[in-house]
1. Being touching a strand residue (DSSP E or B) at 6+ places or on another chain (Cβ under 7 Å) and not in a helix (DSSP H, G or I) is the requirement here; does residue 285 meet it?
2. Do the conditions hold for residue 294, that is, is it within 22 Å of residue 196 (Cβ to Cβ), at pLDDT 90 or above and surrounded by fewer than 20 Cβ atoms within 10 Å (Cβ to Cβ)?
3. Considering every residue within segment 53-61, establish whether at least one is under 26 Å from residue 317 (Cα atoms) and part of a loop (DSSP other than H, G, I, E, B).
4. I'm trying to understand the selection: among the residues of segment 102-125, which are modelled with pLDDT of 90 or more and surrounded by fewer than 17 Cβ atoms within 10 Å (Cβ to Cβ)?
5. Which of (1) touching a helix residue (DSSP H, G or I) at 6+ places or on another chain (Cβ under 6 Å); (2) in a helix (DSSP H, G or I); (3) touching a residue at least 60 places away in the same chain (Cβ under 8 Å) is the odd one out, the single condition residue 273 does not satisfy?
6. Is it true that residue 259 is more than 17 Å from the chain's Cα centre (by Cα), in a helix (DSSP H, G or I), modelled with pLDDT of 85 or more and within 27 Å of residue 137 (Cα to Cα)?
7. Going through segment 9-24 one residue at a time, which ones are more than 22 Å from residue 119 (Cα to Cα) and assigned to a helix (DSSP H, G or I)?
8. Would you say residue 130 is modelled with pLDDT of 90 or more and under 15 Å from the mean Cα position of the chain (by Cα)?
């Protein structure tokens, strides 16, 4: 019975495909795989916006949305109606075509990366041999759409916001990719399905997740910090610094185009979180061997909601970094630590199993963190800001 529940969506798809003519079966299979993703994750986006605004309200001792629907649960619907009915204002000197294509490309890129993410057992749109490479290659389209939005608006504020966003994304994309290299080394494959299957085993009740190794835990922390910066989430929300450049690269967008940017950012956050789950947290695998009777897709979305809650918690807790702090942290701490972590993963692979390799790799990572952080302090990149006022 648990196996039937776990594979219910796969069974339904195969049953439906039995009634589809052979000539259009590939197209019908693609549609049946893509449409649920295009429904589930936008719905999750709507739910997340309510939970985030309500959660931040509680953290800041206020109510949050409480007018639209019961306890404000219809606020996403109200926001959607408002976005659809607001006037679409385009600057007279803007490049009309590029200005329109920028948010569309952002949303398309955000949806495409879900093709290689295994949401459950046997539930992946495309099982590519180079799935991780496909994910990061398509994800690089986000930088292009951000540049298109800033350049086409023909506004100095938009262009400045776009340049800051691109500089941040490129800086943190390097440790993001390097953090995943250790998992590729351990699994011996770029396929996301293979990576999850390598973590699906258990020793007694404990899972074989990569996060439970010194190099895996370090890679997971680096990956999540870089994913936070890639998603423009606090404390890395510099491209949208309201006090400095008003609203960043999409200041000249309104109505539904602005809503597409908003949707694309959240879809990107879900996608990077799902990739972190795939690489380090066992994907759809249960956290304990005696819980494998629960459907695999339930575990995937439970882990995803937990990471989303962590994003909300961090946003309500930490202040925004300065631009110099943000860039120096990426290039002088995150990037070297990612490279050292790759060396640690190699040492782990060639040393015999036992406590010895745990000690060696843990010491290497801990010592590197201490030395790199001392280097940042010595150069005073993270010093107390002194305010001087004219008298």
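The values are calculated or read from the model by the stated rules, or taken from the named source; none is laboratory data. As the structure is a computational prediction, the values presented were derived from the model and not from experiment. Here the Cβ positions follow ideal geometry from the backbone for every residue, glycine too, while neighbour counts run over all protein chains shown.
1. Considered against the rule, which asks whether it is touching a strand residue (DSSP E or B) at 6+ places or on another chain (Cβ under 7 Å) and not in a helix (DSSP H, G or I), residue 285 comes out as yes.
2. Working: within 22 Å of residue 196 (Cβ to Cβ): yes; at pLDDT 90 or above: yes; surrounded by fewer than 20 Cβ atoms within 10 Å (Cβ to Cβ): yes.
Criteria met by residue 294.
3. Going through segment 53-61, the residues under 26 Å from residue 317 (Cα atoms) turn out to be 53-61.
Subset that is part of a loop (DSSP other than H, G, I, E, B): 60-61.
Taking every residue of segment 53-61 in turn, at least one turns out to be under 26 Å from residue 317 (Cα atoms) and part of a loop (DSSP other than H, G, I, E, B).
4. Hits for segment 102-125 are 104, 108.
5. Every condition holds for residue 273 apart from (3).
6. Taking the combined requirement at face value, the residue satisfies it.
7. Scanning segment 9-24 gives 22, 23, 24.
8. For residue 130, the condition - modelled with pLDDT of 90 or more and under 15 Å from the mean Cα position of the chain (by Cα) - is not met.
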